[in-house]
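The values are calculated or read from the model by the stated rules, or taken from the named source; none is laboratory data. Bear in mind that the values here come from a model prediction, so they are computed numbers and not experimental data. Neighbour counts run over all protein chains shown; Cβ positions are idealised from the backbone, glycine included.
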Amino acid sequence: MSATDGFVVVDKAGAMTSHDVVAVGRRVLGTRKVGHAGTLDPMATGILILGFGNGTRLLQYITDGDKSYRATIALGSATITDDVEGEVISSATQSQLADVTNQQIHSVLASMRGVISQRPSSVSAVKVDGKRAHERVRAGEVFELASREVTISKLDVLQIRRTDGAIQIDIEVTCSAGTFIRAIARDLGAALNVGGHLTFLRRTRVATFGEDVANSFENFKAGEFKTLDLIDVARSIFKVRELSVEEAQELSFGRKIAASALPGIYAAISTSNELIALLENRDDGAKPIAVFAPAN
């Protein structure tokens, strides 16, 4: 693989969109073929993985991985966006907030752990009739998105702080793709009848990629950053099948080879440590669903 294929893990700054980071990536990487794995809201900071060249073909599999976040929920008011940037649509009284106990907060959040049905925030990138939900909301439409099944494997309360007019709750979350942290804040506030929204959000991990491999946005923008090789990322997110020379040749032509015992989609890697293809077992053999290496 050439150096034009790979990944960059960027620590996204606040007040910018994921597309803004991609636009910078196209300039500093010198290619239009740049995409990202998993949208981050403008207010959010943290891990945003960019793929470039053939790396873009693996982004969907990275996006499907679980993710970790640190966040702060404010109880005492609900907003139209379920975060601090939206218009306040309801507020609790001081006496209502005073009636909320720490035990109640822990109990409601504990009920959200595991496999749950969650309604996405209306101001999200989810498409409704071909148009992003957040675009429809900002155009004045009022609607609720359908609930979906998500998995929250970790939801820990780090600290609860009580201030005038709000209860601030710091949480740490690990969840499946498609989970909305803003919805956790909204649903906690609704369950306690005081309203809730997100005031801080930071993504600390996407699949196997965490803050330890992230480049600051400023360094990335300045062209001072480290990339990850296609082969190393493939090995980190897929089960691996090591190929014989003959098998690699067959796959490079897009032909099937004998099936393996590996489940799901897996990476086929040559004796020279090149990603040849992604494979999936079928009744008549292992079928290449994406071929990366040209025929020799």
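With respect to being in contact with a helix residue (DSSP H, G or I) (Cβ under 9 Å, 6 or more places away or on another chain), without any contact (Cβ under 8 Å) to a residue 12 or more places away in the chain and within 30 Å of Ala268 (Cβ to Cβ), Arg32 fits the description. Just one of the listed residues (Ala207, Ala183) is touching an Asp or Glu at 6+ places or on another chain (Cβ under 8 Å) and at positive phi, and it is Ala207. Selection of the range 242-272 for residues being surrounded by 13 or more Cβ atoms within 10 Å (Cβ to Cβ) and touching a residue at least 40 places away in the same chain (Cβ under 8 Å) yields Ala248, Gln249, Leu251, Ser252, Ile265. Within the range 281-296, the set of residues being surrounded by fewer than 19 Cβ atoms within 10 Å (Cβ to Cβ) and more than 24 Å from Leu228 (Cβ to Cβ) comprises Asn281, Arg282, Asp283, Asp284, Gly285, Lys287, Ala295, Asn296. Annotation note: of Val128, Val142, Val137, Val150, the sole residue that is in the same structural domain as Gly189 (by TED's automatic domain parsing), among the β-branched types (Val, Ile, Thr) and modelled with pLDDT of 85 or more is Val150.
Taken over the range 232-274, the criterion of being among the aliphatic types (A, V, I, L, M) and either within 18 Å of Asp64 (Cβ to Cβ) or in the same structural domain as Phe52 (by TED's automatic domain parsing) (or both) is satisfied by Val233, Ala234, Ile237, Val240, Leu262, Ile265, Ala267.
Taken together, the residues in the range 1-15 that are of a type outside the set (Asp, Glu), touching a helix residue (DSSP H, G or I) at 6+ places or on another chain (Cβ under 8 Å) and at pLDDT 95 or above amount to 7.
For every residue, the table says whether it meets (1) at pLDDT 95 or above; (2) closer than 12 Å to Leu188 by Cα; (3) surrounded by 13 or more Cβ atoms within 10 Å (Cβ to Cβ).
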residue: Gly86; (1), (2), (3): no, no, yes
residue: Thr93; (1), (2), (3): yes, no, no
residue: Leu97; (1), (2), (3): yes, no, yes
residue: Val100; (1), (2), (3): yes, yes, yes
residue: Gln104; (1), (2), (3): yes, yes, yes
residue: Val108; (1), (2), (3): yes, yes, yes
residue: Arg113; (1), (2), (3): yes, no, yes
residue: Ile116; (1), (2), (3): yes, no, yes
residue: Ser121; (1), (2), (3): no, no, yes
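Taking the conditions (1) crowded, with 18+ Cβ neighbours inside 10 Å; (2) over 20 Å from Arg205 (Cα atoms) in turn, Ser18 satisfies each one other than (2). Listed by position, the helices (runs of 4 or more DSSP H) enclosed by the range 181-296 that each have at least 3 residues that are among the aliphatic types (A, V, I, L, M) are 181-191, 230-237, 245-252.
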